[in-house]
1. When only the heavy atoms of the protein chains count and the probe is 1.4 Å, how do 178, 169 rank by accessible area, highest first?
2. Over the residues of segment 107-172, compute the C-alpha Rg and express it relative to 2.2 N^0.38 Å.
3. At 7 Å along the Cα-to-beta-carbon direction for both residue 497 and residue 391, put a label point, then send me their distance in nm to one decimal.
4. Excluding ligands, DNA and RNA, what is the solvent-accessible area per residue of segment 239-281 at a probe of 1.4 Å, expressed in Å²?
5. For residue 448, what accessible area in Å² do you get when you roll a 1.4 Å probe over the heavy atoms of the protein chains, rounding to the nearest 10?
6. What accessible area per residue, rounded to a whole number of Å², is obtained for segment 119-209 using a probe radius of 1.4 Å?
7. Based on the mean of other Cβ atoms within 10 Å per residue, sort peptides 221-227, 157-163, 247-253, 406-412 so the most packed one is first.
8. On a 24 Å Cα-Cα criterion, which of the cross-link pairs 250/320; 250/406; 411/452; 325/411; 342/411; 320/411 come out too long?
Amino acid sequence: MYKKSRPVRKLLGVLLTLVVVLSTLSGIMPKTSVTVFAAEHGEHAGVTFNVWESDNGLPTAAGNYYLTQDVTISSTWNVPGETNLCLNGHSITLNADSGTVVNIGNGATLNLYDCGVSTYYYTLVDGLASGITNEDKSADGNYESFTGGYITGGKESGVLIEENGTLNMYGGTIIGNMAVQYGGGVYVESDGTFNMHSGSILGNKAGESEGAYFDNYGRGGGVCVDGTFNMQGGLISKNTASRPDSVGSKGGGVYCEDGTFVMSSGTIEQNWATFGGGVYTNDSVTVRGDAEITNNRSETLAGGLYIQEYGELTISGSVKITDNKNGAFDNNVVDNNVYIAKEAAAPIEIDDGLSDTSSIGVTMENPGVFTYGGLFESKEAAQAVFSSDDSDYEVITDEEGNAKLKNAPLKYIQRSWNGSTVTETEESVEDYNVIHDTHSQEDNLTGWYVVKGNVTFGPRIEMSGEVNLILCDGATLTAPMGIEVAEDNILNIYGQSGDTGTLIATGRDMTYWSTNPSAGIGNGFPNSGNAGIVNIHGGRVIATGATINDYGVDVAGGAGIGGCGNKDSNEDRNYYNGGTVNIYGGDVTATGGAYAAGIGGGGNYDYACATNGAGVNIYGGTVTTIGGVNAVGIGGGSYRNGEIYFYFIQSKYTKFFPVLMDKEYFQRLYLDRK
């Protein structure tokens, strides 16, 4: 079905009103009835409507009725049998502290029409349309308008469709209703059916801003679907799902958890929720024809359409899912149209007749294949329909013709030593993982990883083999438990052209002798042997070793970069070493814990835990090292008699440092390659 333009609908309404007036005046028809032609659905033409004149009640017998004035009711209207109701430009308002305005029970059907052309104004207060008036407010920037009759005042949904109940909506506006849990505007219960052909669902709200929260609080500001919702036209706009706790609200426009939602035409726009500003689904959603989901907003994820673990989206026609945004504030929004959660594998089915005029933005928690059916003959064909919301990814096709998101090439700076100077080349990588702020480590890291925003990685980061970490310009990775680089492992740290990406790695301080104090970057918990190899090519690296404090006394510590400390004062662990640290560029600040070097070995008040091992090679960059109590900036951990061991440091020149200093001396060694 194609949508008629607004001027055509207005003209039809005017003509229909004229027929009513002329028929009544000329005596062609009785004064108690009028024929309303549902112009947008010809199969309903010729229905004869009887006048309903009450202003404080609605029909209790099935039939065909049109309103002659606004109606205010004090309790829910239970629709009798199959009822045709034309709002005729008037309102139905529930004036009660609780309840639904309209209840469509088991076996009942409401066919809702409207032929009114009056303009009403409203303002949004905390996400809910309020202050509805026919007074001209067009000059007041706080007010917006709509046309025709309306249903308002629901405290437990505007319209409730129970099992085997049916709402066929051909006109009117459902506005300014709310529910604590499900469906501020309309709630379609299991086996209920809502067919929306025209009209508007506007300015409704699910959830509240404060109070006690139910398990499913704030679901579906406009419509909540547990049954079937067929949207064949009309508008769902400016609805809100609200839940300010950490669980968050879902589905500002439509929430579909255990039902079926088929959108063949119409528009879902300017709705808001924590997840799925336009639509949230964990079931079956079909978007086809000329349907549009646009200009919706989410606070956390999926401005347009959120596909959860069991959700599936079928698309065809000339669909538009674009210009939806994610972000709590206007100055921090990003494109986020269709969001696919990591549990939802290839959830988009391409139906026959998908036009290349369709436009759909995609974001995936775990980028990969997101369609099935093998429709696309080339990546260009897929790119004609789909685009990546994140510029760091691009749409391509796999060998079976399915669309997938793949990393766009990411540039980084690699530096090396050619024997006389540091060389610098710009490289790129395509196969990598992005570390998000929700990242949790299930397996040891291996391969390529990229930090693009401000990310905190909670547990101590463990790795296997060789790990390459790219710090994008402006990004920060905070590792409050540090990074474990045990023997036989290699960590390569790269920056980009600006070298403004930052890594902050801190060993965990302890107040008891439970385990060896860890290096910020190096070995420690859960490993206490030799450290591996750390190569720093760029970025800003701030590494701080852990300290054990026993009854108010600092007794042992790990290096900023290198070896762990020794928790056992009576055990000689000099054979453990701090591995190898090569610095080619960037800005490095390394601070040792108690009795530990900034770069090199950890230690304790009695014995040194680790020496510098293969040593520290500084070829370029700016390096600041701060030793802990009785420890040097670069070298072995402190020994009770105050002996400190430095190893070779290669910068512009090779130098060898003295080995003795006072045991209470706090040394700061600053190296700036000239």
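The values are calculated or read from the model by the stated rules, or taken from the named source; none is laboratory data. Because the structure is a prediction, the values reported are computed rather than measured. Virtual Cβ from ideal backbone geometry, glycine too; neighbours counted across all protein chains shown. Ligands, DNA and RNA are stripped out before the accessible areas are found, and what is left, the full protein with its side chains, is counted by its heavy atoms. Shrake-Rupley method; radii C 1.70, N 1.55, O 1.52, S 1.80 Å.
1. Working: 178 40, 169 0 Å².
Heavy-atom accessible area, descending, gives 178, 169.
2. Details: Rg = 14.4 Å, N = 66, 2.2 N^0.38 = 10.8 Å.
Against the compact-globule rule of thumb, the ratio is 1.34.
3. Going from the residue 497 label point to the residue 391 one covers 1.2 nm.
4. Working: 970 Å² over 43 residues.
Accessible area per residue, segment 239-281: 23 Å².
5. Around 60 Å² of this residue is reachable by solvent.
6. On the way: 3070 Å² over 91 residues.
Ligands and nucleic acids excluded, the result is 34 Å² per residue.
7. On the way: 221-227: 31.0, 157-163: 26.0, 247-253: 28.9, 406-412: 17.0.
By packing density, highest mean first, the sequence is 221-227, 247-253, 157-163, 406-412.
8. Working: 250/320 21 Å; 250/406 28 Å; 411/452 12 Å; 325/411 27 Å; 342/411 26 Å; 320/411 32 Å.
Among 250/320; 250/406; 411/452; 325/411; 342/411; 320/411, the Cα-Cα distance tops 24 Å for 250/406; 325/411; 342/411; 320/411.
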